[in-house]
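The numbers here are math on the coordinates, done by the rules we state, and not lab data. All figures in this text were calculated on a predicted structure; none of them were measured in a lab. As a convention, Cβ positions derive from the backbone with ideal geometry for all residues, glycine included, and neighbour counts pool all protein chains shown.
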Ligand SMILES: NC(=O)c1ccc[n+]([C@@H]2O[C@H](COP(=O)([O-])OP(=O)(O)OC[C@H]3O[C@@H](n4cnc5c(N)ncnc54)[C@H](O)[C@@H]3O)[C@@H](O)[C@H]2O)c1
């Protein structure tokens, strides 16, 4: 079994710690806030470290998951890959395209896995939808409409909503359509005063053959909405990311398949561990992370210029 450490044991990293412990892969935890790391060290009986350097000196690890703020991903992942560790970076891969490219080169040079936390690919209704698309169960897929909305929590994010939240749906759209968009048009903005980062984004992604993804993301809507509607030539599939319910509409009939609810993070981390154990590439590659960054940058550029951005 791979020995994996978690760097960053805050709001989200604590879930990585719990799941990796369940998978019997948790080897150590690391957080600049030793009070946090120490609490998990006690709970899960693994060593805790205040810095990555110290942990790398003392621990024999196979891999690492990086759950630190987005603006630190590049620096932490660079050190992890240089130390020869398989590296799982939470989304986004990095905050700039150039840094993302550097990480991909570093992973190639180290011959190690570089993967990104696009968790929705592991959400069971999305896995099932992808299967329906490839089997052409409802004909051709024409439109994907995503809504990812809810009032932002008290914590201050170091990036805007495009790099924090829209990236999930950008990746899912690329995965379901099986490619990257040819054109990006968007309107983004902020309701905050002063506007620290953008907190709403409405995005149109044009894929080949007039296929389109429409993404509504905001930190404004008072209640939590995380839905996807997929329009096919022969019907519509509605997905709720939170309840994991799928509704399939064909003509006047609606069917709601039953399947067990599974924690996407467990499936996602299992895939990371299996890819390490089996010496293969994971479902989500560094290149996928880079493609999403390219689209995210185009989203911001389109909104700033008021014009569509054509990707080569
Ligand atoms: N996939 C998802 O659904 C999902 C959900 C939430 C957050 N995230 C991602 O998880 C990451 C963390 O988000 P969060 O909400 O847990 O943030 P957070 O601020 O709650 O936690 C970050 C932790 O990292 C620690 N830290 C910061 N710099 C460090 C460093 N250089 N070395 C070691 N520790 C360091 C902080 O002390 C803190 O405990 C972000 O990349 C975010 O995008 C993913």
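Quick notes
- Ranked 166, 134, 41, criterion: other C-beta atoms within 10 Å, fewest first: 134, 41, 166
- With R₀ fixed at 45 Å, the C-beta to C-beta distance from residue 247 to residue 285 puts the FRET efficiency at about 0.90.
- Cα-based shape type of the stretch 1-60, given that a ≥ b ≥ c are square roots of the gyration tensor eigenvalues and the cut on a/c is 1.5: oblate
- Gyration tensor (alpha-carbon) shape descriptor, the stretch 123-229, a/c threshold 1.5: prolate
- Cα-based helix-to-principal-axis angle, 167-177 vs the chain, degrees rounded to 10: 60 degrees
- Relative contact order (percent, whole number), the chain, Cα cutoff 8 Å, 6+ residue spacing: 19 percent
- Exposure proxy ranking, count of Cβ atoms within 10 Å, fewest first, for 285, 246, 87: 285, 246, 87
- 0 to 90° range, to nearest 10: angle between helix 124-134 axis and the chain longest Cα axis: 50 degrees
- Mean Cα-pair separation over length for the stretch 223-265, i.e. relative contact order, pairs under 8 Å, 6 or more apart, %: 24 percent
- Cα-Cα pairs of the stretch 215-312 separated by more than 23 Å (percent): 57 percent
- Using alpha-carbon coordinates, inclination of helix 264-278 to the longest axis of the chain, degrees: 60 degrees
- For the chain, the 222 nm mean residue ellipticity estimated from helices alone, with every DSSP H stretch of n ≥ 4 adding -39500 (n - 2.57) and the total spread over all residues, rounds to -11000 deg cm²/dmol.
- Likely footprinting exposure, 14, 108, 287, fewest C-beta neighbours within 10 Å first: 108, 287, 14
- Pairwise inverse Cα distances across the chain, averaged and inverted, put the Kirkwood hydrodynamic radius at 20.2 Å.
- Computed from the C-beta positions of residue 310 and residue 233 and an R0 of 35 Å, the FRET efficiency is 0.85 to the nearest 0.05.
- Near-label residues of the stretch 102-140 by backbone N, under 19 Å of a point 7 Å along Cα→Cβ of residue 259: 118-140
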